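This report refers to the structure that appears directly beneath it.
Read-outs throughout are calculated quantities, based only on the coordinates presented, and are distinct from any laboratory measurement. Computed from a predicted structure; not experimentally measured. Cβ placement follows ideal geometry from the backbone for every residue including glycine, while neighbour counts extend to all protein chains displayed.
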Amino acid sequence: MMVEKVVIVGSGPAGLSAAIYTAREGYAPLVIAGTTGGGQLELTTVVENMPGFPDGVDGPEVIKLMRKQAEKFGTRFLVEDLTGVDFGTRPFKVTAGGKTYETDSVIIATGASAKWLGIESEKRFIGKGVSSCGTCDGPFFKNKNVIVVGGGDTAMEDSLFLTNFASSVTVVHRRDQFRASKIMADRVMNNKKIKVMFNTTIDEILGGDKVTGVRLKNVATGQATEMPIDGVFVAIGYTPNTQMLKGKLKLDEQGYIVTNDEVKTDIDGVYIAGDVADKFYRQAATASASGVKCALHVREYLSNLSYEKERKK
């Protein structure tokens, strides 16, 4: 069986940046792209803060261009989902699509998936007024009225950030009190641009080509009301895509991979890029940067591995 130099798991900005760099080194990386590859950018319409695109660019277009660039330098893509890894042997073993690949190094860039409300109308309006990232999409809602759903620190942070752009921010939370830290909750409660609705859920998102309102339900009384709104920000958390890595790598209590020096693991030759370990920044540019860091570590690791093999001859 041929031993790969590097296998990259994930095809969002982190994985594709790692692919571009390792491919240019001549390693011909194999990217296990996943059956729904591309990461969070695939769910984004116009990205205005991507360096190099002063007029903005569609998220899927960024992924398309990065993939084309990676292929240009010799990256190979496997459109399958990861089903297993074995980091206890060398070469490492990575399984996808019913086949096991041996590799000298691995970069894990499987990302994190936003948690959604789970209502049908939500899916229709993703990128058309529904967002899971306040810091990404807030500037599109200047002088608009928006809702933030959630009661944790992420919801608090998003609502406060959105006050820089929106005319009004309404925080909707299904419980009778926030689970956020007291300091963050106090900041929200004391902000004059923010209104809070406890014991409330969104039953439906309304609109035609874009969001125009929501149907709310008071969970205590059962009363339903409609509210005109321009945007809905779902801030109920993220789930890191680490299901196949439990017991293989060190995970924290939320399921994020624990790293050393940002991208290293306790296993020499296994590196981590992007949102699968990053619960703070969650930006395409920072994910891309971590992919580059992984690639540079892989270059050093493979160079040392080659040197050791030659020395032992």
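Considering only the chain, what is the antiparallel percent among its DSSP beta bridges, to the nearest 5? Spell out each step's value before the answer.
Numbers: 29 of 61 bridges.
If we restrict to bridges inside the chain, about 50 percent are antiparallel.
Quick one: which of LYS115/LYS142; LYS144/LYS264; LYS144/LYS293; LYS115/LYS210 span more than 32 angstrom between C-alpha atoms?
On the way: LYS115/LYS142 25 Å; LYS144/LYS264 42 Å; LYS144/LYS293 39 Å; LYS115/LYS210 21 Å.
Long pairs (Cα-Cα over 32 Å): LYS144/LYS264; LYS144/LYS293.
What does the helix-only formula give at 222 nm for the chain: each DSSP H stretch with n ≥ 4 adding -39500 (n - 2.57), the total divided by the residues, and the result rounded to the nearest 500 deg cm²/dmol? All intermediate terms of the calculation are to be shown ahead of the outcome.
Working: 7 runs with 81 residues, N = 313.
Mean residue ellipticity, 222 nm, calculated: -8000 deg cm²/dmol.
For VAL79 and ASP261 in the same chain, what is the full-extension length gain: residue separation times 0.36 nm, less their Cα-Cα distance, in nm?
Values: separation 182, 0.36 × 182 = 65.52 nm, distance 3.03 nm.
Extra length available between VAL79 and ASP261 comes to 62.5 nm.
Which of the DSSP-defined H helices in the chain satisfy a minimum axial length of 24 Å, computed from C-alpha atoms, and a minimum mean Kyte-Doolittle hydropathy of -0.5?
Values: long enough: 284-311 (40 Å, -0.34).
Counting only whole DSSP H runs, the qualifying helices are 284-311.
Rounded, prolate or oblate: pick one for the stretch 116-234, where a ≥ b ≥ c are the square roots of the eigenvalues of its C-alpha gyration tensor, a/c under 1.5 means rounded, and failing that, prolate if a/b is larger than b/c, else oblate.
Working: a/c = 1.67, a/b = 1.12, b/c = 1.49.
Oblate is the answer for the stretch 116-234, as a/c is 1.5 or above yet b/c matches or exceeds a/b.
If R0 is 41 Å, what FRET efficiency do you get for ASN164 and ARG311 from their C-beta distance, rounded to 0.05? Numbers along the way, then the final one.
On the way: r = 57 Å, r/R0 = 1.40.
That pair, ASN164 with ARG311, gives E of 0.10.
For Rg and Dmax of the Cα atoms in Å, which listed value, (1) 19.2, 56; (2) 20.5, 73; (3) 21.7, 78, comes from the coordinates shown?
(3)
Listing LEU162, LEU30 from the residue with the fewest other Cβ atoms within 10 Å to the one with the most, what is the order?
Details: LEU162 27, LEU30 21.
With the sparsest Cβ surroundings first, the list reads LEU30, LEU162.
Using the 10 angstrom Cβ neighbour count as an exposure proxy, how do MET227, MET1 rank, fewest first? Provide the component values of the computation, followed by the final result.
On the way: MET227 16, MET1 8.
In order of increasing Cβ crowding within 10 Å: MET1, MET227.
Please say if the stretch 48-111 is rounded, prolate or oblate, where rounded means a/c under 1.5 for a ≥ b ≥ c the square roots of the C-alpha gyration tensor eigenvalues, and otherwise the choice is prolate for a/b larger than b/c and oblate otherwise?
In terms of gyration-tensor shape, prolate.
Kindly rank 55-68, 102-115 from highest to lowest mean number of other beta carbons found within 10 Å of each residue. Don't skip to the end; give the middle numbers.
Details: 55-68: 16.5, 102-115: 23.9.
Per-residue Cβ counts within 10 Å, averaged per peptide and sorted highest first, yield 102-115, 55-68.
When the chain is modelled as a GNM with alpha-carbon springs shorter than 10 Å, which of ALA185, ALA14, ALA295 fluctuates the most?
Looking only at ALA185, ALA14, ALA295, the largest GNM fluctuation is found for ALA185.
Only sites in a loop by DSSP and with at most 15 other Cβ atoms within 10 Å count here; which GluC sites (Glu not before Pro) in the stretch 203-268 make the cut? It would help to have the intermediate numbers written out before the result.
Working: sites: GLU204, GLU226, GLU253, GLU262; in loops: GLU253, GLU262.
The qualifying sites are GLU253, GLU262.
Which far-off residues, 5 or more places away or on another chain, put their amide H under 5 Å from the one on ILE107, with H placed in the peptide plane?
Distant-sequence amide H within range of ILE107: VAL7, ILE8, VAL9, TYR271.
Suppose a student asked you for the relative contact order of the stretch 116-234, using Cα pairs under 8 Å spaced at least 6 residues apart; what percent would you report?
Details: 249 pairs, mean separation 36.6, N = 119.
Relative contact order comes out at 31 percent.
Near SER168, within a Cβ-to-Cβ distance under 9 Å, what is the net charge of the other residues, with Lys and Arg +1 and Asp and Glu -1?
Numbers: positive: LYS144, LYS193, LYS195; negative: none.
Around SER168, the surrounding residues sum to +3.
Go through the chain and flag any cysteine with no other cysteine's C-beta closer than 4.7 Å, please.
CYS294
On a C-alpha basis, how far is the centre of the stretch 172-238 from the centre of the stretch 78-130 in Å? Whole number, if you could?
One Cα centre to the other: 31 Å.
As a footprinting exposure proxy, order ASP275, ASP86 by other Cβ within 10 Å, with the fewest listed first.
Numbers: ASP275 30, ASP86 14.
Final ranking by Cβ density, sparse to dense: ASP86, ASP275.
Evaluate the relative contact order of the chain (contact order divided by residue number), counting alpha-carbon pairs under 8 angstrom at least 6 apart; express in whole percent. Kindly include the intermediate steps, with their values, before the conclusion.
Values: 694 pairs, mean separation 64.5, N = 313.
With pairs under 8 Å counted, the relative contact order is 21 percent.
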